[in-house]
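Worksheet: the structure to be examined is printed underneath.
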Amino acid sequence: MALPYLPGNSFNKSLGKEKFHKSHHFDYCNDVSMLVGEQRPGIGGELLLGQKKRSKHSVFPKGEGSNAPAWVSFDRQVLCFQAYFQEAVHEKREEQYRIRGCKIYFYLEDDSIQVIEPQVKNSGIPQGTLIRRHRIPIPAPHDDEYYTVEHFNVGNELVLYGRKFKLTDCDAFTKNFLRKLGVRVNTPETVPKDPYCNLRNEMEESMQALRPYERTIQERDVGIHHRGRPLCGRQGGFQQLRLRDH
């Protein structure tokens, strides 16, 4: 039987609390008051009705052994994904878009992300480290959260600072780690070919000079016959050619 809700029969919920701060729920945008903190907690950090607690970092299942922090348990452990993104080109007539392949590294110790693009010969594009290692927030309206290990899987798309990256494959360590977390790793996907790179490769192949031992059929025929008559040898043949020319 519950006690009646009367003075003296109910307990004060604020007993033992030390935090009574309020979250910032309202702000001004273009001189218009707006609600910007829908997912922020209430007084003292308590969740409001209908809210769910969101983790700021990746959540890993607890295993056997000591409860060491993530920066100790996952030290020097990195998930590696093959990815690409499509970039529009407006300055050239020969190409309308580019397919740029890259590698995305996710560091398990602090949920930081690094994006590196391998260098391509004569690309004319600044390549290398596209995004330095740091934690990257999720695009709006969930920009108060960061990417965690739950967002990474083959076939997923990540929006990192306005660029949409498509994950196509991962290495063996990443597959094994995700399977231990209970994630079903999708099958690898093929990276679409860049039409301009294909055109450049065809041009380079057509511009390659023949090697000394790769003679054409006409050069071989000239070395054996001259005007339908066989030559005696290299020196004799050249001497006959010189006499005929004189």
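The values are calculated or read from the model by the stated rules, or taken from the named source; none is laboratory data. On a predicted model such as this, the values are computed, not experimentally measured, just so you know. Because the Cβ atoms are built from the backbone with ideal geometry, glycine has one as well, and the counts that use them run over all protein chains shown.
Of note:
- Scanning region 41-53 for residues that are exposed (fewer than 13 other Cβ atoms within 10 Å of the Cβ) and under 24 Å from residue 136 (Cβ atoms) yields 52, 53.
- Tally of residues being part of a strand (DSSP E or B), touching an Asp or Glu at 6+ places or on another chain (Cβ under 9 Å) and either at pLDDT below 90 or of a type in the set (A, V, I, L, M, F, W, C) (or both) across region 152-165: 1
- Which listed residue is of a type outside the set (Ser, Thr, Tyr) and either within 34 Å of the chain's Cα centre (by Cα) or exposed (fewer than 10 other Cβ atoms within 10 Å of the Cβ) (or both), from 56, 17, 22: 56
- Conditions (1) out of contact with any Leu (no Cβ under 6 Å at 6 or more places or on another chain); (2) within 29 Å of residue 60 (Cα to Cα); (3) among the hydrophobic types (A, V, I, L, M, F, W, C); (4) surrounded by 12 or more Cβ atoms within 10 Å (Cβ to Cβ); number of the one not met by residue 89: (2)
- Residue that is farthest from residue 173 (Cα to Cα) [pool: residues in region 67-111 that are of a type in the set (Gly, Ala, Ser) and out of contact with any Lys or Arg (no Cβ under 7 Å at 6 or more places or on another chain)]: 88
- Selection within region 24-40 - modelled with pLDDT of 75 or more, part of a loop (DSSP other than H, G, I, E, B) and under 18 Å from residue 140 (Cβ atoms): 24, 25, 29, 30, 32, 40
- Per the listing 234, 215, the residue uniquely surrounded by 12 or more Cβ atoms within 10 Å (Cβ to Cβ) and modelled with pLDDT under 90 is 215.
- Beta carbons closer than 9 Å, at least 6 apart along the sequence or on distinct chains, pair a first residue in region 140-152 that is more than 27 Å from residue 179 (Cα to Cα) with a second that is modelled with pLDDT under 90 and of a type in the set (Gly, Ala, Ser) for 144/37.
- Answer residue from region 120-151, given it is assigned to a loop (DSSP other than H, G, I, E, B) and farther than 30 Å from residue 36 by Cα and is modelled with the highest pLDDT among those: 127
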